[in-house]
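Chemist: Pasting in a structure now, in structure tokens, and then I'll have a few things to ask.
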Amino acid sequence: IIFYLAIILAGIMFFIFCSMIIRGFRSEEKKNLDYVIVLGAQMRADGPSTVLKYRLDKAIKYLNENPDTICIVSGGQGINEPYPEAEGMYEYLVENGINRECILIENKSNSTVENIIFSRELMEEDYEGVGIITNNFHVYRALKIAEKQKLEGACGIAAKSNALYLPNNVLRECCAILKGILLHHI
């Protein structure tokens, strides 16, 4: 009976986590924020992964519509990456017409928690608002981490994701939310 109760409890938690993740898909994009933080993802030798490209393309769209916003590209170098994610992100944005003067680089982080902490260190104390650009399946957890780290006025800016991989990404996010709760990151 304990086994069945565990299965039922896991199912309920999965349902709750999925509903929270899906809520992040409809994040309200605020205009004219002081900062946007683009969260890093896999960087390859030939450029950003598809997941990261979706985030960067969303940043380009936002920055073109809100030219006074400062962009922080955030991501360190994983063991399977040729260089820090933030440096590749910076190059991608500049190659796509974003003014290099409007981009700050945070290249020490290795997790979403560190993305938020280290990016916050680059921001002026009197900022009015900050957007976190990440894929739709990641918005909820990123905002919960930002809230826990006292990043005031943070809003999510959802980039799309590949529908084919969405079930896998949502399942991984459910596990990451549970881990974040257990480690007190959320």
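Chemist: Out of all the residues in the stretch 69-98, which are charged (D, E, K, R) and at pLDDT 95 or above?
Modeler: Matches in the stretch 69-98: Glu85, Glu87, Glu91, Glu95.
Chemist: Taking only the stretch 66-111 into account, find how many residues are open to solvent by 20 Å² or more (accessible area, probe 1.4 Å), assigned to a helix (DSSP H, G or I) and under 21 Å from Leu143 (Cβ atoms).
Modeler: 1
Chemist: Here are the criteria: (1) among the polar types (S, T, N, Q); (2) open to solvent by 60 Å² or more (accessible area, probe 1.4 Å); (3) assigned to a helix (DSSP H, G or I). Tell me which single one Ser119 does not satisfy.
Modeler: All conditions pass for Ser119, except number (2).
Chemist: Across the stretch 144-186, which residue is nearest to Asp34 (Cα to Cα) among those that are of a type in the set (Val, Ile, Thr) and modelled with pLDDT under 90?
Modeler: The selected residue is Ile186.
Chemist: Which one of Ile133, Ile103 is within 17 Å of Gly40 (Cβ to Cβ) and free of Cβ contacts under 8 Å to residues at least 40 places away in the same chain?
Modeler: Exactly one of Ile133, Ile103 is within 17 Å of Gly40 (Cβ to Cβ) and free of Cβ contacts under 8 Å to residues at least 40 places away in the same chain, namely Ile103.
Chemist: Related question: Could you please let me know if Tyr165 is closer than 15 Å to Leu52 by Cβ, hydroxyl-bearing (Ser, Thr, Tyr) and part of a helix (DSSP H, G or I)?
Modeler: The answer is yes for Tyr165.
Chemist: Being in contact with a Leu (Cβ under 9 Å, 6 or more places away or on another chain) and of a type outside the set (A, V, I, L, M) is the filter; apply it to the stretch 135-162 and report the residue that is farthest from Lys53 (Cα to Cα).
Modeler: Only one residue fits best here, namely Gly153.
Chemist: To continue, here is another question. So Ile60 fits all but one of (1) open to solvent by 30 Å² or more (accessible area, probe 1.4 Å); (2) at pLDDT 95 or above; (3) under 22 Å from Ala158 (Cβ atoms); what number is the exception?
Modeler: Condition not satisfied by Ile60: (1).
Chemist: Also, I was wondering about something else. Taking the stretch 125-157, which residues are open to solvent by 10 Å² or more (accessible area, probe 1.4 Å), within 10 Å of the chain's Cα centre (by Cα) and more than 19 Å from Glu85 (Cβ to Cβ)?
Modeler: Within the stretch 125-157, Asn136, Tyr140, Leu143 meet the criteria.
Chemist: For the stretch 22-50, what are the residues that are among the hydrophobic types (A, V, I, L, M, F, W, C), open to solvent by 50 Å² or more (accessible area, probe 1.4 Å) and outside any loop (DSSP other than H, G, I, E, B)?
Modeler: Ile22, Phe25
The values are calculated or read from the model by the stated rules, or taken from the named source; none is laboratory data. This one's a predicted model, so the numbers in the text were calculated from it and none came from an experiment. Glycine also receives a Cβ, built like all others from the backbone with ideal geometry; neighbour counts cover every protein chain displayed. These area figures cover heavy atoms from the full protein model, side chains too; ligands, DNA and RNA do not enter into them. Shrake-Rupley method; radii C 1.70, N 1.55, O 1.52, S 1.80 Å.
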